[in-house]
Structure formats: C-alpha cells, structure tokens
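Q: Structure below; questions to follow.
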Amino acid sequence: MNYPLLIEGRTSCRAFRGKPKEKIIDEIRAYHDHKCQRLLPEIQTELLIVSDGDKLEDAAGYHDHLIGAPQYLVLLSEPHKDAYLNAGYIMEDLLLKLADLSCGSCWLTFADENKIKAALSLHTEKTVAAIAAIGIPEKVRKRIHLNIFTMSNVDIKEKKRYFDPKKKVSELVFSDEYGNSDGVDERIGFYDDMLWEAFHAASNSPSYMNRQPYYFLLKSSKVLLYSTEDSVTGAIDRDLNLGVVMLHFAAVAQDYIGSFRWNLDEDAVAIGEL
C-alpha cells in the first residue's frame, strides 16, 4: 500500500450507499489474519464483520450518535493492559487497506464494552477493542473554499464535506523538551525526507474529535511519543488515538528505512530508534 498517499487522501465517511463486495470483505479478513501491521504481535485479535449494526444504537457511535452504515468492523482482543493501543494500530491499518480498496470508513467510539457485547450477543472472554463503520462511500457534492489574500491572489481548494482541522507538524514535534522548536525544521527536513513525511502522516491521524492529545520529542537518534491530558478524551479513545498515530508514523517511516518499530515505555508512551 502507498501509505503516504492513503493517509493524505483519506477522510472519515459518514454517508454510505452500499456494502463492499464480498471479495473485499474476504480480502480484509485475510489481511487482518496474515498481513496487518501490529504494534504488539503477541496479543491475539479477532475481526468480526457485523451487518446488523443497528443493534449498536445506544452502545456505540460518534459524538454519541451511531453512524448508519451497511457493515461494521468489530475488533476483539485478548485481554491485555495495552489492548487498546494495539487495537488502534491494527484497526487503522485495516481502514487504510479498505481505503486502498475504494471503501469508506469512520471510527466509532464506545465507553462500555459490555453494552457492545450485549447488543451483538457476543459471548467471549475477549475485549471489544475497536469499532468502525464501513461501506461504499456515497458520492457527495464538492464544495469550493476560497482563500482570498489579495484581489490577484486567490487560492481555490476543494473542501471535503467532513474535513476537520488537524494540528500542523510544528504543533506536534519538539526537540528535547516540550515547546522547544529549535532545530526541529533542520532535523526533519521537508517533502520527500523520511522524518518530515512520517510526521506529516502523524499530523493527519484521526483522533477523538480531532483533539490529537499527544506530541513527539526528538532526542538524539530517538523519537519519543507522549500523551497529554485532555478532559474530553476518555481512556479508551486516548489509547486508540495513540495506536493510530503510531501506525501512521511507523508505516511511512518503514517505507523509507525498511523497518521501524515502536517500543512501549513507562515514561513516554513509546520510543522509536531512527
């Protein structure tokens, strides 16, 4: 997959016109089982494809509202203290794979896994770790956004219907300590430089209400990911967010350097060797 292109182009889809073809569903099952990127491969997971998702009403949603969709991915995980970090990493890779197959998706949130299990009549010791709505995207009208700087300088951009602003790289990446930007630009480079591309992908990571409550520090030959306190983001969404941003960074970095792995840490969330 072309991760930089998929990450750059993907947006949350909240209007669907049909189910993915069965061969796509078969492919996404096989991708989960055999090829999907995993933060912690030792944690066993199981992927469910749910077609009667209306049962999830009042159990899962986005901003407390269930996104109506033809199907839903429900990721179950072996109980583990880092289950949601791993689930965010895995589910985001699955959703990028679906985007590569021309399918749309939208992350759903939930606060009580027991409600999900009851709604879907699941009898399992595994943890409900992540949920997403999926389907063939509904075609929507393009909206044009004009940035008028002067009468002779007008920037015309297509504005996607469900676009929400995300943080810039300069708001997410610091040198040695939080808030210190000295030397960051020189270190990460620009377009086509590995670090810039990886951090750009990280800046495009979806998160609960696009809060992106995390930041990176560059220290010597290491990149460290830290979580920040956020009164809006609950514990489950916090860990899912962190899993997503780790996947974005790692997937793009390994395109350039062959391999990249995050190691979880007691102080920082994770540390990666460059």
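Q: Kindly indicate which of Ile236, Ile271, Ile257 is open to solvent by 20 Å² or more (accessible area, probe 1.4 Å), touching a residue at least 60 places away in the same chain (Cβ under 8 Å) and in contact with a Phe, Trp or Tyr (Cβ under 9 Å, 6 or more places away or on another chain).
A: Only one candidate passes the filter, namely Ile236.
Q: Can you find even one residue in the range 165-176 that is modelled with pLDDT under 95, open to solvent by 60 Å² or more (accessible area, probe 1.4 Å), in contact with a His (Cβ under 8 Å, 6 or more places away or on another chain) and within 23 Å of Asn2 (Cβ to Cβ)?
A: No: the range 165-176 contains no residue that is modelled with pLDDT under 95, open to solvent by 60 Å² or more (accessible area, probe 1.4 Å), in contact with a His (Cβ under 8 Å, 6 or more places away or on another chain) and within 23 Å of Asn2 (Cβ to Cβ).
Q: Can you name every residue in the range 99-118 that is in contact with a helix residue (DSSP H, G or I) (Cβ under 7 Å, 6 or more places away or on another chain), open to solvent by 10 Å² or more (accessible area, probe 1.4 Å) and not in a loop (DSSP other than H, G, I, E, B)?
A: Correct list: Ala99, Asp100, Thr109.
Q: Additional query: Name the single residue that is farthest from the chain's Cα centre (by Cα) among those in the range 187-208 being buried (at least 19 other Cβ atoms within 10 Å of the Cβ) and within 10 Å of Tyr256 (Cβ to Cβ).
A: By that ranking, first place goes to Leu195.
Q: Checking the structure you have, find out if any residue of the range 147-158 is touching a strand residue (DSSP E or B) at 6+ places or on another chain (Cβ under 7 Å) and either at pLDDT 95 or above or surrounded by 15 or more Cβ atoms within 10 Å (Cβ to Cβ) (or both).
A: Scanning the range 147-158 turns up no residue that is touching a strand residue (DSSP E or B) at 6+ places or on another chain (Cβ under 7 Å) and either at pLDDT 95 or above or surrounded by 15 or more Cβ atoms within 10 Å (Cβ to Cβ) (or both).
Q: Please identify the pairs in which a residue from the range 173-190 that is of a type in the set (Val, Ile, Thr) has its Cβ atom under 8 Å from the Cβ atom of a residue that is part of a helix (DSSP H, G or I) and surrounded by fewer than 14 Cβ atoms within 10 Å (Cβ to Cβ), counting only partners at least 6 apart or on another chain.
A: Listed pairs, sorted by first residue: Val184/Ser170.
Q: On to the next question. Kindly indicate the residue of the range 13-33 that is in contact (Cβ under 8 Å) with a residue 12 or more places away in the chain and open to solvent by 40 Å² or more (accessible area, probe 1.4 Å) and also farthest from Ser51 (Cα to Cα) among those meeting that condition.
A: So the residue we want is Asp33.
Q: Which condition does Leu94 not pass, out of (1) over 25 Å from Ala250 (Cα atoms); (2) part of a helix (DSSP H, G or I), if it passes all the others?
A: (1)
Q: Can Glu46 be described as among the acidic types (Asp, Glu), surrounded by fewer than 19 Cβ atoms within 10 Å (Cβ to Cβ) and touching a residue at least 24 places away in the same chain (Cβ under 8 Å)?
A: For Glu46, the condition - among the acidic types (Asp, Glu), surrounded by fewer than 19 Cβ atoms within 10 Å (Cβ to Cβ) and touching a residue at least 24 places away in the same chain (Cβ under 8 Å) - is met.
Q: While we're looking at this one, here's another question. Of the numbered conditions (1) over 17 Å from the mean Cα position of the chain (by Cα); (2) open to solvent by less than 50 Å² (accessible area, probe 1.4 Å); (3) within 21 Å of Leu195 (Cβ to Cβ), Asp230 satisfies every one except a single condition; which is it?
A: The one condition Asp230 does not meet is (3).
The values are calculated or read from the model by the stated rules, or taken from the named source; none is laboratory data. None of these values were measured; they are calculated from a predicted model. As a convention, Cβ positions derive from the backbone with ideal geometry for all residues, glycine included, and neighbour counts pool all protein chains shown. Just the protein is used for accessible areas: all its heavy atoms, side chains included, with ligands, DNA and RNA removed. Shrake-Rupley method; radii C 1.70, N 1.55, O 1.52, S 1.80 Å.
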